[in-house]
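The values are calculated or read from the model by the stated rules, or taken from the named source; none is laboratory data. Note that the coordinates shown come from a computational prediction; the quantities given were computed from them, not determined experimentally. Here Cβ is always computed from backbone atoms with ideal geometry, including for glycine, and neighbour counts include all displayed protein chains.
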Amino acid sequence: MKKHANIPIFLPHNGCPNDCVFCNQKIITARLNPISKEEIIHTIETYLSTLLMRNTETIEIAFFGGSFTGIPLKEQETYLRIAKDYMDRGLIHKIRLSTRPDYIDHNILKHLKDFGVSTIELGAQSFDDVVLKGSNRGHNSQIIYESSEMIKEYGFKLGIQLMVGLPGDTFEKSVESAQKTAEINPTDARIYPTMVLSGTELERMYKRGQYKPMDIHAAIETTKQMYLILKTSGVNVIRIGLKSTDHIGPGKEVVAGEYHPAFGQLVESEVIKEILEGQLSENFEKAVFYCNNRNLSNMIGNRKSNKTYFEKKYPNKVFEFKVEEKLEDEVYRVELK
Ligand code: SF4
């Protein structure tokens with residue numbers, strides 16, 4: 001039985017007045033027809049037919065893309081009414097949405113409460129004012145603190161989305177953003193590496209030599225540190241890296257920035273590698289690494305990267321990666337022989 005599943009509804013933000021340098025929403029929106037009520041219902045029904053068969057414990061409708069609370073109120077109500085109807089019928093259990101930190105106020109939050117929204121994710125991106133300005137976000141870090149506080153006061157669960165590698169960003173600034181996120185103490189967080197997408201201001205900056213994307217190793221290292229800060233503070237990191245959607249992917253709209261479809265796995269495998277290596281002693285001939293079935297592929301690593309790492313670094317030793325079902329999620333046991 002699957003514990004939790006999202007039904008993602010992508011809402012391109014028609015007429016977003018902002019112009020964040022990395023965003024290609026305007027291009028996507030110009031190309032796609034606005035999503036209709038019927039399309040939303042069709043998406044929900046399609047997901048539900050599988051999720052209900054699998055007895056999924058909690059099903060959440062998640063409105064992503066653009067800034068939900070920035071779209072006209074009537075449109076918001078249309079979408080929320082559909083979701084609430086499914087919730088009232090007991091077919092879904094929660095509603096989540098994402099928005100900008102400066103599109104939150106008391107009226108907006110009261111409105112979302114009335115429709116039973118449970119989680120609000122804020123696209124904070126960074127807590128550094130220079131980075132926010134350089135990315136043309138149109139708000140400063142103060143507003144992220146204020147909105148986060150209000151969201152929690154109203155009893156919503158809070159999610160914070162962060163990006164690494166924005167203009168003016170550094171390893172230290174990204175780590176500080178993770179620390180500040182941990183201080184705010186949201187329920188969940190997402191971390192995305194910055195991609196240079198076709199048609200964006202960031203592409204023009206890149207072509208003029210004003211912006212240099214991070215290489216994949218720096219992106220993994222930075223994200224790993226952020227992930228560790230958030231995890232150890234009890235924040236649930238629910239997503240690392242972009243999904244391979246129609247709009248993002250090799251040969252599609254990524255002009256620069258090393259897109260990797262398994263970026264999240266690369267980061268998590270690095271973390272696990274450190275945990276495992278930290279448990280090795282000087283004298284052993286064979287090391288057996290155990291985890292539950294769910295974590296096995298991350299423990300072995302993308303394209304067996306962790307297996308290869310240990311075998312190369314310790315050429316005279318034997319390494320085995322095994323499943324021990326009774327182990328809890330993200331618990332790794334090392335047996336040395
Ligand atoms: S990231 Fe969000 S707020 Fe910024 S331009 Fe894109 S849709 Fe608008």
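When only residues in region 138-184 that are of a type in the set (S, T, N, Q) and under 16 Å from the mean Cα position of the chain (by Cα) count, which is surrounded by the fewest Cβ atoms within 10 Å (Cβ to Cβ)?
Applying the filter and picking the extreme gives Gln161.
Mind listing whichever residues of region 50-71 are of a type in the set (S, T, N, Q), at pLDDT 90 or above and away from the ligand (no atom under 16 Å from the Cβ)? So that I can check it myself, show each step before the final result.
First pass over region 50-71, keeping only residues of a type in the set (S, T, N, Q): 50, 55-56, 58, 67, 69.
When the remaining residues are screened for being at pLDDT 90 or above, the result is 58, 69.
Across region 50-71, the qualifying residue is only Thr58.
Exactly one condition in (1) surrounded by fewer than 16 Cβ atoms within 10 Å (Cβ to Cβ); (2) more than 16 Å from the ligand (Cβ to nearest atom); (3) modelled with pLDDT under 95; (4) not acidic (Asp, Glu) is not met by Ile92; state its number.
That leaves (1) as the condition not met.
Got a sec? Which of Thr200, Thr170, Thr194, Thr181 is polar (S, T, N, Q), in contact with a Cys (Cβ under 7 Å, 6 or more places away or on another chain) and under 23 Å from Cys20 (Cβ atoms)?
Within the list Thr200, Thr170, Thr194, Thr181, the selection yields Thr200.
Return a yes/no flag: does region 25-33 have any residue that is away from the ligand (no atom under 16 Å from the Cβ) and either outside any loop (DSSP other than H, G, I, E, B) or at pLDDT 90 or above (or both).
No; the residues of region 25-33 include none that is away from the ligand (no atom under 16 Å from the Cβ) and either outside any loop (DSSP other than H, G, I, E, B) or at pLDDT 90 or above (or both).
Which numbered condition trips up Tyr259, out of (1) in a helix (DSSP H, G or I); (2) farther than 21 Å from Lys337 by Cβ; (3) among the aromatic types (Phe, Trp, Tyr)?
It is condition (1) that Tyr259 fails.
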